[in-house]
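The values are calculated or read from the model by the stated rules, or taken from the named source; none is laboratory data. Keep in mind the model is a prediction, meaning the values are calculated, not measured. The protein model used for the area step is the full one, side chains on, heavy atoms only, and it has no ligands, DNA or RNA in it. Shrake-Rupley method; radii C 1.70, N 1.55, O 1.52, S 1.80 Å.
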Amino acid sequence: MADDPDLPDFEVPVGLFQDLEDLKAEVARLSAQLKALKEGAGGGAGEALADDAGEETEEGEEGAAEDEDEAQFPPFILLLDPPEYDDELRALIEWVEGVLVPGYLAEPSSDARWCHLWFEHPVAIARLHALWLAWQELTDPATCGYTGPSVWHRDHLDPCLAQLRPSSGPFAGCTKGEHQVAHRMPGIVPSAWSRPEE
């Protein structure tokens with residue numbers, strides 16, 4: 001077929017393969033979520049939904065909205081009030097200091113700032129929490145396939161650090177003033193690397 005003179009020459013762009021892998025990961029993630037929803041509904045309800053797919057009623061739409069509210073992921077940290085905010089911040093601190101700092105942040109410098117009191121910077125909390133939520137989703141092969149970590153690095157980690165670490169970023173004043181402290185690299189927190197047992 002490649003030698004057929006009637007077929008036009010066509011080269012597949014390299015980016016198309018990456019887009020295809022991203023789509024495969026998204027389909028795998030959605031399939032896993034659908035399976036989890038069906039299992040959570042006891043199987044029978046999932047089969048009934050499949051049988052009645054073409055017949056939507058107002059009651060069915062209300063029930064779906066209730067199920068959607070129950071199955072939501074953790075909300076963005078800035079939308080939480082104590083004690084939920086405090087619990088989420090503690091978990092975020094464990095992840096940042098146990099995974100992110102030792103794994104991705106080199107020694108701070110004037111061009112790549114970091115503050116060991118990052119949790120006192122609201123913009124850092126917001127950005128790092130968003131990064132953590134993405135990490136939780138994109139490091140699970142059951143929901144995102146095997147390209148998830150690559151997507152997390154490209155789409156989440158690199159842009160987040162580019163916003164947090166420049167000399168004009170939120171840690172700009174952390175080498176003088178009230179945050180004039182010796183920066184430290186915290187030790188690894190082992191529990192941050194493992195998933196909680198279900």
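Take segment 120-142 and flag every residue that is in a helix (DSSP H, G or I) and not aliphatic (A, V, I, L, M).
Within segment 120-142, the subset in a helix (DSSP H, G or I) is 120, 122-138, 141-142.
Of everything in segment 120-142, those that are in a helix (DSSP H, G or I) and not aliphatic (A, V, I, L, M) turn out to be 120, 122, 127, 129, 132, 135, 136, 137, 141.
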Would you please name the residue that is least open to solvent (accessible area, probe 1.4 Å), looking only at residues in segment 92-119 that are closer than 22 Å to residue 151 by Cα and outside any helix (DSSP H, G or I)?
105
Scanning for something on the phi > 0 side of the Ramachandran plot and either open to solvent by less than 60 Å² (accessible area, probe 1.4 Å) or of a type outside the set (Lys, Arg) (or both), does segment 143-150 turn up at least one residue?
yes
